[in-house]
Amino acid sequence: MRGTGRVIELLNEALEFELSAIAQHIVHAEMLHISGNGRHGLYITKQAIEEMLHARCLIGRILALKGLPQVDAPPAPRIGGSFLEQLENDLAADREAVNQYCSAAAICGRAGDTVSQALLENMVIKKEENADYLEAELSAHAAAGFESAAEQRIHSVPGPLQHDSASYQSASSVDRELQAAPRKRTV
Ligand SMILES: [Fe+2]
């Protein structure tokens, strides 16, 4: 296939975004659990698992194209010191990734690699869904005041995520915990 070398480069760039996001999400999720913001922490844990699945798909595709997955030097994660910084950093990372994935998907399409194109386009959809969630969280906190919103969340969460291995086995297990968590904030 013409342009395979460039496609592999682009898939490796996407892989770097995913690997960095995994580390960023895991650290943020644990900070959130410790601070008592369990519901958002569960959501971010789910994101970390989803990024891992994306990374696995990218690695599989790179190997299928006879390339070498570059996993040794992803960009440093941007860890937020506060809940607001975490939201902003996660949103910024999502937006950067969407830009790269959209551009990469178009190039893959022009190269005739519709498999890589579809993989990247699916990842764009997931990133955009996550960005929508983060934007809604930022808007909610801007409206309510960041301190009072954080206070409300502390009282609305069901408790910290159980750190047993079963809780981390799959995204679906986190999904179930998210479904069980109360959706309305209590004042
Ligand atoms: Fe992802």
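Which of the residues belonging to region 136-147 are under 16 Å from the mean Cα position of the chain (by Cα) and surrounded by fewer than 14 Cβ atoms within 10 Å (Cβ to Cβ)?
Ala136
Any residue in region 95-108 that's closer than 14 Å to Glu16 by Cα: show its pairings with residues that are more than 14 Å from the ligand (Cβ to nearest atom) at Cβ separation under 6 Å, as long as the two are six or more apart or on different chains.
Ala104/Leu10
Where a number appears in this text, it was derived from the coordinates with a stated rule and is not lab data. Model, not experiment: these values are computed from the prediction. Every residue, glycine among them, receives a Cβ derived from its backbone with ideal geometry; neighbour counts consider all protein chains shown.
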